[in-house]
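**Student:** One structure coming up, written as structure tokens, with questions to follow.
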Amino acid sequence: MTTPEPQSPAPQPSAPQLPDRIYRSPAAMAGGFLLLGIAGWLGVDAIVSGEGRTPWLALASLILLVPLVVAFTLRPAVFANEERLRIRNPFRVIALPWGQIESLRSGYSNEVVASGRKFQLWAVPVSLRGRKKAARREERRGAEGAGRGGAFGGGLSGLSGAGGMRGGAFGGGRTAVPDGPVRAETDRIMDELRGLLETHGKSEAAQGEVTVRWAYEIVGPAVAGAVLLAILIAMG
């Protein structure tokens, strides 16, 4: 009589990884599309209608300027998931596992400190104007909350002798005040990233090495355009 071999338990399916959170600067993207439109309009017109060396100079200028405009406006982005933070800056792509990140700092720029190195978040620029606007909204909300508190306190004290039903109805009509201070948009994004770091910084999936890759798809055309423009100018 043969004894049946014990069966190994079926592997449990791993939890699906959430898609990346993507952070960009809407103002930079709008400015980038505007600059590309203007450069394309002027450059194509010079190439088609120009005489002598003008078309070549316009072409070289476009080859130089278009990658630079894309690099500083449309390209910057920050991608965050449960395992890592990926920063796409104008000329580099930095992959930072959460376990390697030491801190996320906000001053005159937003930065990540990992393995003793600092990396700037081009896609999440600090907005001093946004901070001042958020501070004014916070002050206004505090003043409104204090005014409502005084009004409601006086009303409830006057109605206390008439019975609790009217006080309950009065309280039910109050507008809820959102919790927490008002924050600028870029500061709110940094708060979200700090929360991800705190949540996933010590998990096994968030360990690894910091990798930095140069964006040759941007650097190559820009250098080629610069060399061609320099040659044309030198030829007179």
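The values are calculated or read from the model by the stated rules, or taken from the named source; none is laboratory data. Just so it is clear, the model here is predicted, and its values are computed rather than measured. No Cβ is skipped: glycine too gets one built from the backbone with ideal geometry, and neighbour counts run over all protein chains shown. Accessible surface is based on the protein model in full, side chains and every heavy atom, while ligands, DNA and RNA are left aside. Shrake-Rupley method; radii C 1.70, N 1.55, O 1.52, S 1.80 Å.
**Student:** For Glu217, work out the one condition from (1) open to solvent by 60 Å² or more (accessible area, probe 1.4 Å); (2) of a type outside the set (Lys, Arg); (3) touching an Asp or Glu at 6+ places or on another chain (Cβ under 9 Å) it doesn't fulfil.
**Tutor:** (3)
**Student:** Limited to segment 87-131, what total is found for residues that are within 15 Å of the chain's Cα centre (by Cα), under 19 Å from Met29 (Cα atoms) and assigned to a strand (DSSP E or B)?
**Tutor:** Selection size over segment 87-131: 5.
**Student:** (1) open to solvent by 30 Å² or more (accessible area, probe 1.4 Å); (2) charged (D, E, K, R); (3) modelled with pLDDT of 95 or more: which one isn't true of Arg75, the others all being true?
**Tutor:** Failed condition: (1).
**Student:** How many residues are over 15 Å from Thr186 (Cβ atoms), of a type outside the set (Ser, Thr, Tyr) and surrounded by fewer than 16 Cβ atoms within 10 Å (Cβ to Cβ) when one looks only at segment 93-114? Give the steps one after another, and end with the answer.
**Tutor:** Narrowing segment 93-114 to residues over 15 Å from Thr186 (Cβ atoms): 93-103, 113-114.
Applying the additional criterion that residues be of a type outside the set (Ser, Thr, Tyr) yields 93-102, 113-114.
From what is left, the residues that are surrounded by fewer than 16 Cβ atoms within 10 Å (Cβ to Cβ) are 102, 113.
Adding up the residues that qualify gives 2.
**Student:** Any residue at all in segment 81-89 that is in contact with a Pro (Cβ under 7 Å, 6 or more places away or on another chain) and open to solvent by 70 Å² or more (accessible area, probe 1.4 Å)?
**Tutor:** yes
**Student:** Residues of segment 47-86 being closer than 30 Å to Thr199 by Cβ and assigned to a loop (DSSP other than H, G, I, E, B), which ones? Walk me through it before giving the result.
**Tutor:** Narrowing segment 47-86 to residues closer than 30 Å to Thr199 by Cβ: 75-86.
Answer for segment 47-86, where residues must be closer than 30 Å to Thr199 by Cβ and assigned to a loop (DSSP other than H, G, I, E, B): Arg75, Pro76, Asn81, Glu82, Glu83.
**Student:** Could you check how many residues of segment 87-104 are among the polar types (S, T, N, Q) and over 18 Å from Arg213 (Cβ atoms)?
**Tutor:** 1
**Student:** Can you name the condition, by its number, that Ser115 falls short on among (1) under 30 Å from Leu232 (Cβ atoms); (2) touching a residue at least 60 places away in the same chain (Cβ under 8 Å); (3) in contact with a helix residue (DSSP H, G or I) (Cβ under 6 Å, 6 or more places away or on another chain)?
**Tutor:** (1)
**Student:** Just to verify a result, which residue in segment 16-46, among those that are of a type in the set (Val, Ile, Thr) and in a helix (DSSP H, G or I), is surrounded by the most Cβ atoms within 10 Å (Cβ to Cβ)?
**Tutor:** The first filter runs over segment 16-46 and keeps only residues of a type in the set (Val, Ile, Thr), leaving 22, 38, 44.
Narrowing the set further to residues that are in a helix (DSSP H, G or I) leaves 38, 44.
Numbers: Ile38: 11, Val44: 13.
Result: Val44.
**Student:** Looking only at segment 190-214, count every residue that is in contact with a Ser or Thr (Cβ under 9 Å, 6 or more places away or on another chain), open to solvent by less than 70 Å² (accessible area, probe 1.4 Å) and assigned to a helix (DSSP H, G or I) and tell me the total.
**Tutor:** 2
**Student:** List pairs: first residue in segment 203-214 and in contact (Cβ under 8 Å) with a residue 60 or more places away in the chain, second residue assigned to a loop (DSSP other than H, G, I, E, B) and among the small types (Gly, Ala, Ser) anywhere in the structure, Cβ distance under 9 angstrom, at least six positions apart or on different chains.
**Tutor:** Listed by first residue and then by second, the contacts come to Glu209/Ser115; Val210/Ser115.
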